[in-house]
Each structure stands twice: as structure tokens, then as C-alpha cells.
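Working notes for the structure below.
The values are calculated or read from the model by the stated rules, or taken from the named source; none is laboratory data. Keep in mind that what you see is a predicted model, and the values were worked out from it rather than measured. Cβ placement follows ideal geometry from the backbone for every residue including glycine, while neighbour counts extend to all protein chains displayed. To get the accessible areas, we keep the full protein, side chains included, count just its heavy atoms, and leave off ligands, DNA and RNA. Shrake-Rupley method; radii C 1.70, N 1.55, O 1.52, S 1.80 Å.
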Amino acid sequence: MITIKDLLKAEFIKGKLGYVYVLSILIPILISFFTFWSFSALYNYNPDNGINLWVLIFGLSFRLIPFIYSLFSIYIVQDNLNRDYKNNLYDIMSTFPVKKSHFHLSKIIFISSILFFSILLTFLITITGINIFEFKMSEINGFYEYGDSIFFIYLYSYFRLFLYALVIVLIQLNINRFSRNPVTNLVIPIGLSFISFVFSSMKEFTFFPYVYIHTIYNSIDVNGEITNFHIDILALIISTFLIFLYIKWIKNIKDKSLQRMYESIN
């Protein structure tokens, strides 16, 4: 019997065939470069403006990060599953001694791991950059105290980023189990991401899953206030349901679809 560990090894090896690993590193570097380049330009233009460094960096980065990671979440799923479709992996896997639930779970773990790594790298580069700037600007003595509440609020914003991006990943996985149409699987989700980015400030779209990731900037004040915890709870509930749907329910749905297909042929 093929184990989840074996399936995960296969997923990580398969990931080398595309650009997922490169993008998971390149995106944090580009985001950080843009953020600190913008900060340097603002600071050099007006060095005595008295703006809190954490607030400014948060504002510069989180106007850009959510949209990029919403698209990256869609890309990771499509890159992984399209390679499976092209190689008829789903048909091949039916001939191996492997549980389909383990097969689907390994995909969730792999894609979530790539997403988590990339977001964590963005966080670490940003924190390092803030420390370097603070040290250079001599605003404090030494490096930043990691016990301060501002750090944990900043950290929580990245937790939200991962949670909300995970919702998009799980939606994409489930959509792909029902359809292999590129318009349904790729064009529509990208379009929804653009629409969500544009209309994220409107209350009517607050509970739309693709909008969650764009609410981070307005729901977190680095100086000490966090709001919209109800969206976090909703995202956790939706994520749990989508994981269960993808791993468990989808087997029954697929089996019924195959049965109807077989009956129509005969």
C-alpha cells in the first residue's frame, strides 16, 4: 500500500518540473524589494515625517501582497493539477494500491506547504528589513523587541494571509474535481480575484471568499487593533468544510459520475 509519505515525496519531486518553487522564493524577494525601495524613496524625500516604520511598511506591503498571493494560490493549484491531467495520473493511480483520500490529502498538504513557505519567507525578509532600517536609522537601541505587541499583530496579519489564501486554494481544488474546463478552472477564478480586489472595500462583498484576503489591510492596525475576527472564524469553517468535501465527498460524487458515464456508453 502506498502511504501518504510516498505520495508527498512524489508531489515534491513533481513540483521541480514547474516554476512553483522558483515563484515561491521570487515573489517574497520582489515584494520585499518593492516595499523597502518605496520606503527608502519616501524616507529620503521626507526623513523627518515622524511616521512609524512598522505602520508604513505594513501599509506598503499589504496593499500589494494579498492580490499577488490570491493569484499565486490559483497558479499553484492549476500547475499541479494540469500536470496530472496531461499525464493521465488519475487513471494511472486507479491501478495502484493507494487510498484516494490519501492521494487528495497529499495534494492539500503539498500545496499548503508551498504557500506557507512563501508567505513565511515574505514575513522573515520583511522583519529582517525592518530591523536593518531601524538599526540604520537609530530610532531604537539595537534590534526590535520581539515581545512587543506590534510584532505579534504584524505576525497575525501574515497568519490571516495564509488562512485566506488557503481558502482560495481549497476552492480551486474542489472546482478542478468537478471540471477540467480551463475557463471554469482558471479564467473565472482570476477574474473573481480582480473583481474582489476592486470591490473589497464594499460591505456587500465582505463575505465573498475571494474578498477575505483583501480585507487584511483595513482590518489590522499595526499600532494595536485587530478587527474582523468573524471573517477568521468563517474562513476556518469554510476551509474545514472544503477539505472534507475534497477528500471524502468527492469520491462518492466521482463514482456516481463514472457510473452514469458507463451506463450511457452501454
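Restricting the first member to region 161-186 and to residues that are under 14 Å from Lys107 (Cα atoms), and the second to residues that are crowded, with 18+ Cβ neighbours inside 10 Å and among the basic types (Lys, Arg), the beta-carbon pairs closer than 9 Å and six or more apart or on different chains are Leu173/Lys107.
Among residues of region 203-215 that are within 13 Å of His230 (Cβ to Cβ) and without any contact (Cβ under 8 Å) to a residue 12 or more places away in the chain, none has a beta-carbon under 8 Å from a residue that is in a loop (DSSP other than H, G, I, E, B) and open to solvent by less than 10 Å² (accessible area, probe 1.4 Å) at least six positions away or on a different chain. Scanning region 1-23 for residues being open to solvent by 30 Å² or more (accessible area, probe 1.4 Å) and not in a helix (DSSP H, G or I) gives a total of 4.
Going residue by residue through region 95-117, is there one that turns out to be part of a helix (DSSP H, G or I), at pLDDT 85 or above, within 28 Å of Glu225 (Cβ to Cβ) and not β-branched (Val, Ile, Thr)? So far as region 95-117 goes, yes, one or more of its residues are part of a helix (DSSP H, G or I), at pLDDT 85 or above, within 28 Å of Glu225 (Cβ to Cβ) and not β-branched (Val, Ile, Thr).
Answer with yes or no whether Ile213 is at negative phi and either exposed (fewer than 12 other Cβ atoms within 10 Å of the Cβ) or at pLDDT 85 or above (or both).
Judged against the criteria, Ile213 is a match.
For region 225-249, which residues satisfy the criterion of being touching a residue at least 12 places away in the same chain (Cβ under 8 Å), more than 16 Å from the chain's Cα centre (by Cα), in a helix (DSSP H, G or I) and surrounded by fewer than 18 Cβ atoms within 10 Å (Cβ to Cβ)? The answer is Leu234, Leu245, Lys248.
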